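*Asks:* Take a look at this one; I'll ask things after.
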Amino acid sequence: MTAENASQSRGANVRYENVQKSYDGETLVVKDLNIDIKRGEFLTMLGPSGSGKTTCLMMLAGFEPATNGEIFLNNAPINDVPPHKRGIGMVFQNYALFPHMTVAENLAFPLQVRKMSKADQEAKVKRALEMVELPTMGGRRPAQLSGGQQQRVAVARALVFEPDLVLMDEPLGALDKQLREQMQFEIKHIHESLGVTVVYVTHDQTEALVMSDRVAVFNDGVIQQLSPPDTLYESPRNSFVAQFIGENNKLDGKVESIDADYCSVRLTDGTQLKAEKVNVSSVGDLTTLSLRPERVETSGLDGMENVVRGHIEELIYLGDHIRVRMNIAGNPDFVVKVRNRSGEQKLKEGQELDVGWRASDCKALDHVQ
Amino acid sequence: MTDATMADMAASGGQELKTSDGRSLKAALKASQSVERRRAFLLVLPLLALLVASFIIPIGQLVTRSVYNPEVASYLPETSSALSGWNGEGVPDEEVFAALAADMVVGAENRTIGRVAARINREMPGTRSMIMGLSRSAEELQPPYREAFLADDEGWGEQALWRFLKRETRIITPAYYLIATDLEYNAEGEIVQRPENYQVYRTLFWRTAWMSLTITALCVLLGYPIAHLLATQPLRIANILMILVLLPFWTSLLVRTSSWIVLLQQQGVINDMLVWLGVVTDSGRLRMIYNKTGTIIAMTHILLPFMILPLYSVMKTIPPSYMRAARSLGATQTYAFTRVYLPLTIPGLAAGVLLVFILAIGYYITPALVGGDSGIFISNLIASNMQSSLANLKLGAALATILLVLVMLFYFVFNKLIGVDRLKFG
Ligand SMILES: Nc1ncnc2c1ncn2[C@@H]1O[C@H](COP(=O)(O)OP(=O)(O)O)[C@@H](O)[C@H]1O
Ligand SMILES: [Mg+2]
């Protein structure tokens, strides 16, 4: 977001402080949540199904009470504010467009509630429909619209009363891939032009990376990492994040020595590797190394900290690159992406091949099975 | 639609499509489906037969009987044709009396004269003995018949009797419908109100209607929250509650109605409790049964499931996100309910109202058991008429037909207002 946008931003800030949530009094669905969401930020809650994302959103919207802790909206505690007084726009997964009203009536609903004059209502509805590029659809019923159009109307309805904060719970989940990508772009665009704060929930990591200023990765009711997308991808804080975001190679081993930011790890088959020390504390710790497939090189290996000989198990031709599945250091699912450049030697299945990577691209994280 | 598809359609519309072997496409389609269609028809045939035998024929009979009035026309044929020339003033002339004498001879032989006498006696009490008395000696009557009749009984000189007979020569009569709406013919043959102490049916129709409406309203008030509770509880609890709703269906109607007697009567459980609590005195025990209150309470209870089930089936399909969306858009709970939830439940609500009202308006057992005199419905009178003499049976048929028409009228108006195709019965 540009500085100019930020200055005219009408976004709200949100703060979760030590928020916990239990539905049954036996298990915590959200465990000690702390987030500070800045004005005008696009924050995404990303995580597998059942990790508590929707619950966090519902507590913010006011439909579920926090069991413990406090949520602040523009620095005011809102635990006791009923949902209709929070002034938060919301886009639901199934859109929740009122089926008995036309599109225009749906959009006018929040304006009628606010006792706006008929003329103002019409003007705002018109503007909102233009914003989502459906200027002629006002007279239709939601059922007469395609999924993508319904989605746009839902976004327009959540924004038409000019809230400071908009929540979206998997709003694109029901759309096909192409439409989803287009809507990601449009929502992002609307966010940038309006400057509202958006809290967005998804389980689709690509969506999260494409749209967000920051991403909070959820697992098991705990935020595993809260970072901008690039940091999340390049510097995952733990194995869950490394595994959940993007493609990832895992190698299990034990820390043999530690040298400032780096450590030396011996894999189960005896191979010795150098890795960036991220989530290990002492010599002797079990660790899982994380390595992105595109950071593995097949040529120019001179001077690389790690060079290993492997066996090509499978080749998949993908046009711009070739996916090579190799057996490396006892791991038969090690994936290397080889760019499809001219003049390269032809790879063959069953062939032995040297591959290498830099220690800084290889992260020593907590050990997982 | 794009121009290209429009053009396609125009091209194919101009000329009938043919199959590859040159038959018309429509005919080929029909032929290919005919076996299926015949099989489907055979499958529904027994049901159709049952429907005709058990529904359409009896209703046809009922309607026919309520207007069919053959006694005078068929059993006094000569008299009927002779009366057609009478102008209705004074006493008819000799020709009519002669015809009647001839009819009486035949009637006495065939033993049909008794039915005629019964029919006439019903409208003009006291004429039975006059007619029967004359019929016994009909063979000996000599012309001039008019004098002979009058000599036998002064009553034959009544203008009202002859006017009535002339009216009765029509084989279709509105007479039973007049009685069913508390009207009658006066001596001049005009339609007038019946004497006040004979007026029962209109009051009863009116009472049946407003009490059915009250019962329907109570069912809405009680059923709506229950259905909502059912639809929003977790499945396990909803199932238990559902059993409680359905339980009444598994017990006999008679048992359920009688248990209200136990509860509501003056020496019953509720009165005992109220006395014990000091709400009413022992001498001031409330009358809650054998009157309108009793009927309304018991019938509301019995018909409640018919309101709950369609409501429940509609509410279950309304995702909670609609209400949440409305709330997040700034609506209070009440506003969200009236603008979003209530309109979405209309198909179930209307179906429930239709079911309960139509069931209530024709209800019989419960008003009969707990209604006393003041709480009975029109069906109770229909039943008691149906169970007695032939003439009363016809009155019963007329009452039943009126009820049927009223229900159909209600359905029609309801359909105009709500649209029956939108309803969801469960
Ligand atoms: N209304 C509820 N009552 C009881 N448990 C719930 C309720 N909503 C969610 N849960 C439970 O809370 C956990 C987190 O759910 P949710 O917040 O919906 O996760 P997500 O949106 O990340 O998929 C899940 O285990 C789910 O079963
Ligand atoms: Mg969810």
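The values are calculated or read from the model by the stated rules, or taken from the named source; none is laboratory data. Since the structure is predicted, the reported quantities are computational estimates derived from the model, not experimental observations. Ideal geometry is used to build each Cβ from the backbone, glycine not excepted, and the neighbour counts take in all protein chains shown. Note: areas computed on protein heavy atoms with side chains; ligands, DNA, RNA excluded. Shrake-Rupley method; radii C 1.70, N 1.55, O 1.52, S 1.80 Å.
Matching residues to (1) at positive phi; (2) surrounded by fewer than 18 Cβ atoms within 10 Å (Cβ to Cβ); (3) part of a loop (DSSP other than H, G, I, E, B):
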| residue | (1), (2), (3) |
| --- | --- |
| B:Tyr290 | yes, no, yes |
| B:Thr295 | no, no, no |
| B:Pro305 | no, no, no |
| B:Ile318 | no, no, yes |
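*Asks:* Follow-up question, since we're still on this one. Is the stretch A:338-348 home to any residue that is within 24 Å of A:Ser235 (Cα to Cα) and not assigned by TED's automatic domain parsing to the domain that holds A:Ala208?
*Replies:* Yes.
*Asks:* Is at least one residue of the stretch A:2-20 within 13 Å of ligand 1 (Cβ to nearest atom) and at pLDDT 95 or above?
*Replies:* Taking every residue of the stretch A:2-20 in turn, at least one turns out to be within 13 Å of ligand 1 (Cβ to nearest atom) and at pLDDT 95 or above.
*Asks:* Additional query: Given (1) more than 8 Å from chain B (Cβ to nearest Cβ); (2) closer than 14 Å to A:Pro142 by Cβ; (3) surrounded by fewer than 17 Cβ atoms within 10 Å (Cβ to Cβ), where does A:Met101 come up short, assuming only one miss?
*Replies:* Checking A:Met101 against (1) more than 8 Å from chain B (Cβ to nearest Cβ); (2) closer than 14 Å to A:Pro142 by Cβ; (3) surrounded by fewer than 17 Cβ atoms within 10 Å (Cβ to Cβ), the one that fails is (3).
*Asks:* What about A:Ile35, is it more than 14 Å from chain B (Cβ to nearest Cβ), assigned to a strand (DSSP E or B) and touching a residue at least 60 places away in the same chain (Cβ under 8 Å)?
*Replies:* For A:Ile35, the condition - more than 14 Å from chain B (Cβ to nearest Cβ), assigned to a strand (DSSP E or B) and touching a residue at least 60 places away in the same chain (Cβ under 8 Å) - is met.
*Asks:* Then there is this: Of the conditions (1) within 16 Å of ligand 2 (Cβ to nearest atom); (2) in a loop (DSSP other than H, G, I, E, B); (3) under 27 Å from A:Lys126 (Cβ atoms), A:Gly173 satisfies every one except a single condition; which number is it?
*Replies:* (3)
*Asks:* Please find, among B:Tyr341, B:Tyr312, B:Tyr363, the residue that is in contact with a His (Cβ under 9 Å, 6 or more places away or on another chain), more than 14 Å from chain A (Cβ to nearest Cβ) and either hydroxyl-bearing (Ser, Thr, Tyr) or without any contact (Cβ under 8 Å) to a residue 24 or more places away in the chain (or both).
*Replies:* Step by step, each of B:Tyr341, B:Tyr312, B:Tyr363 is checked, and only B:Tyr312 is in contact with a His (Cβ under 9 Å, 6 or more places away or on another chain), more than 14 Å from chain A (Cβ to nearest Cβ) and either hydroxyl-bearing (Ser, Thr, Tyr) or without any contact (Cβ under 8 Å) to a residue 24 or more places away in the chain (or both).
*Asks:* Moving on to the next point. Only one of A:Gln93, A:Gln112 is on the phi < 0 side of the Ramachandran plot, within 13 Å of chain B (Cβ to nearest Cβ) and at pLDDT 95 or above; which?
*Replies:* A:Gln112
*Asks:* I'm trying to understand the selection: among the residues of the stretch A:132-147, which are buried (at least 19 other Cβ atoms within 10 Å of the Cβ) and either in a helix (DSSP H, G or I) or among the charged types (D, E, K, R) (or both)?
*Replies:* A:Pro142
*Asks:* Ok, one more. Kindly state which helices (runs of 4 or more DSSP H) lie completely within the stretch B:67-136 and contain at least 2 residues that are more than 20 Å from B:Asn392 (Cβ to Cβ).
*Replies:* Counting at least 2 such residues, we get B:71-75, B:77-83, B:94-110, B:127-136.
*Asks:* If B:Arg136 passes every condition in (1) basic (Lys, Arg); (2) under 30 Å from B:Leu303 (Cα atoms); (3) not assigned by TED's automatic domain parsing to the domain that holds B:Tyr364 but one, which one does it miss?
*Replies:* So the condition that B:Arg136 fails would be (2).
*Asks:* Which of the residues spanning the stretch A:40-68 are assigned to a strand (DSSP E or B) and either open to solvent by less than 10 Å² (accessible area, probe 1.4 Å) or more than 16 Å from ligand 1 (Cβ to nearest atom) (or both)?
*Replies:* Selection gives A:Phe42, A:Leu43, A:Thr44, A:Met45, A:Leu46.
*Asks:* Determine which single condition B:Ile358 fails, assuming it passes every other condition in (1) within 11 Å of chain A (Cβ to nearest Cβ); (2) surrounded by fewer than 21 Cβ atoms within 10 Å (Cβ to Cβ).
*Replies:* (1)
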